[in-house]
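Comments concern the structure below.
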Amino acid sequence: MSQELERVYTINLGKALLSVDTHRAPRAINMIKEFASHHMKTSEIKIDEDLAHIIWARGVRSPPRKIRVRMNKTDEGYVLVSPYTEGTPSKEASSKKEKKGLFKKKKKNESKPEEKDSAKVEEKIAAEDTKQEAPKEVKKEAPKEKKKELKKKSK
């Protein structure tokens, strides 16, 4: 094969719950391998470490019911199954979005909001540094004297 084949699937792992509770996560891994071999037409399946962590995250007894995966068939002949992340679109999807004009172009005249915010913060800090307040003097009476005054008033 000269080019890589990439597909995204949602795999239903609900039948893993029919297994004994101490074998559910390994059964879910086997179900993913069976699904990949059936759909990608090859027997060499490699599961990405991140996907395995997602399956085992809640322990052996409670794997996820459904999982969204990306399957890549490489030139070496094996299929790599990894978790699907929307942040990394495939090549075809990104080119379609560009054609439709879904990516917005930034205007040249717009200044970055970070620059405005940092300038305001620097002005506030400079203003606070110039203001130096004198400490307020507070007169405190001794607590014993107050008690004596209260006793005299109550008599």
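If you go through region 39-46 one residue at a time, do you hit one that is among the small types (Gly, Ala, Ser) and surrounded by fewer than 18 Cβ atoms within 10 Å (Cβ to Cβ)? Yes, some residue in region 39-46 is among the small types (Gly, Ala, Ser) and surrounded by fewer than 18 Cβ atoms within 10 Å (Cβ to Cβ).
So that you can scan it fast, the table gives a plain yes or no per residue for (1) assigned to a loop (DSSP other than H, G, I, E, B); (2) within 19 Å of residue 35 (Cβ to Cβ); (3) at pLDDT 95 or above:
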| position | (1), (2), (3) |
| --- | --- |
| 52 | no, yes, yes |
| 59 | yes, no, yes |
| 62 | yes, no, yes |
| 71 | no, yes, yes |
| 87 | yes, no, no |
| 93 | no, no, no |
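Inside region 7-38, can you point out the residues that are assigned to a strand (DSSP E or B) and surrounded by 14 or more Cβ atoms within 10 Å (Cβ to Cβ)? Steps first, please.
Restricting attention to region 7-38, the residues satisfying the condition of being assigned to a strand (DSSP E or B) are 7-12.
Answer for region 7-38, where residues must be assigned to a strand (DSSP E or B) and surrounded by 14 or more Cβ atoms within 10 Å (Cβ to Cβ): 7, 9, 11.
Determine, yes or no, whether residue 49 is closer than 20 Å to residue 77 by Cα and touching a residue at least 12 places away in the same chain (Cβ under 8 Å). In short, no. Once region 73-85 is narrowed to residues that are assigned to a loop (DSSP other than H, G, I, E, B) and not aromatic (Phe, Trp, Tyr), the residue that is nearest to residue 16 (Cα to Cα) is 85.
The values are calculated or read from the model by the stated rules, or taken from the named source; none is laboratory data. In this text the structure is predicted, and so the values were computed from the model without any measurement. Cβ atoms come from the backbone with ideal geometry, glycine included; neighbour counts cover every protein chain shown.
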